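Notes follow the structure.
The values are calculated or read from the model by the stated rules, or taken from the named source; none is laboratory data. Remember, it's a predicted structure, so these values are computed and weren't measured experimentally. So basically every Cβ, Gly included, is an ideal-geometry build from the backbone, and we count neighbours across all protein chains shown. Surface areas here come from the heavy atoms of the whole protein model, side chains and all, with no ligands, DNA or RNA. Shrake-Rupley method; radii C 1.70, N 1.55, O 1.52, S 1.80 Å.
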Amino acid sequence: MSTTAIPVICLDGPSGVGKGTICLAVAGHLGWHILDSGSLYRITALQFSRLFPDMAANAVDEAQLVEMASNLSVSYRQINNELVIMLNEEDITQLIRSEKMGEKASQIAVIPSVREALLARQRAFLQAPGLVADGRDMGTVVFPESVLKIYLTASPEERAKRRYKQLKDKGIDVNLSALVEELRVRDDRDMNRKAAPLKPASDAIIIDTSTLNIEQVTDEVMHWVDQRV
Ligand code: C5P
């Protein structure tokens, strides 16, 4: 399938940088679809941990994992600037957001065959009038011909603080220093894996959001959209 006809904006970057929020805001401005690619890894991790509650991700049979990733019965709805995710008939929007599920997602995301299994599904999100895609390899692997690639970054401390606030607001009890360490481990794994490691595409625009709020980052991205799209 050609990815040139329908425009794609890629938002890549490390954990907790605010990609999801910015993705929703930009898609809202443009009236475009969104792809939260991390959710597919998280949902695969959720299925996996339900089927094999005591097993480490790296101990599972790869063929089973690929089968699972290929057959996820998942649907997405964009409601009032929020993404609602259904697995079969179950609303799993909140369930997959835990740090534990992020960690498991990152463990299975190192497996090339799992990434391959999720590739066509991610590209199927490409529908008119356009797509805003967030993840780690949107600009480098999934949509390399996209019209605009943005790489969002921020210091680990700032990202941990943002994630801490997000989880607290949802009533989830977390420890800030544990969160800093979890983000560090996950970034390290995502950046150093062999398959589709997290890195800016060579033609990406890098935005350091450490000192910017959501509106400022959205404005900056929209500035580039006006130039390029
Ligand atoms: O973005 P999110 O935190 O939901 O992603 C969870 C994990 O899924 C990441 O830490 C990463 O390991 C993996 N992921 C990936 N490629 C993507 C999106 C997410 O490897 N495009």
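Can you tell which of Ser146, Ser177, Ser39 shows the greatest fluctuation in a Gaussian network model of the chain with Cα springs below 10 Å?
For the chain, modelled as a Gaussian network with Cα springs under 10 Å, the answer is Ser177.
Return one whole number: the accessible area per residue of the chain in Å², for a 1.4 Å probe.
Ligands and nucleic acids excluded, the result is 48 Å² per residue.
Rounded to the nearest 20 Debye, what is the dipole magnitude of the chain about its Cα centre when Lys and Arg each give +1 and Asp and Glu each give -1 at the C-beta?
Charge dipole, the chain, about its Cα centre: 100 debye, nearest 20.
Among Ala195, Ile9, Ser155, which residue has its Cα positioned farthest towards the positive end of the charge dipole of the chain, with +1 placed on the Cβ of Lys and Arg, -1 on the Cβ of Asp and Glu, and the dipole taken about the Cα centre?
The Cα lying farthest towards the positive end belongs to Ala195.
Starting from the Cα-Cα distance between Asp169 and Asp61, subtract it from 0.36 nm times their residue separation and give me the gain in nm to one decimal.
Going from the current span to full extension adds 35.2 nm.
Along the charge dipole of the chain, Cβ charges K/R +1 and D/E -1, which of Cys23, Met55, Val114 sits furthest on the positive end?
Ranked along the dipole, the leading option is Met55.
Need one word for region 7-228: rounded, prolate or oblate. Basis is the Cα gyration tensor (sqrt eigenvalues a ≥ b ≥ c); a/c below 1.5 gives rounded, then a/b vs b/c decides.
rounded
Percent antiparallel among DSSP beta bridges with both residues in the chain, to the nearest 5?
Just about 30 percent of them are antiparallel.
GluC sites (Glu not before Pro), restricted to region 93-183: which are DSSP loop and have at most 13 other Cβ atoms within 10 Å?
Passing both the DSSP loop test and the Cβ count: Glu145.
Per DSSP H run of n ≥ 4, the term is -39500 (n - 2.57); total these for the chain, divide by its residue number, and report the mean residue ellipticity at 222 nm rounded to 500 deg cm²/dmol.
That comes out to -14500 deg cm²/dmol.
Where the accessible area of region 7-228 is counted over protein heavy atoms with a 1.4 Å probe, how much of it, in %, is carbon and sulfur?
51 percent
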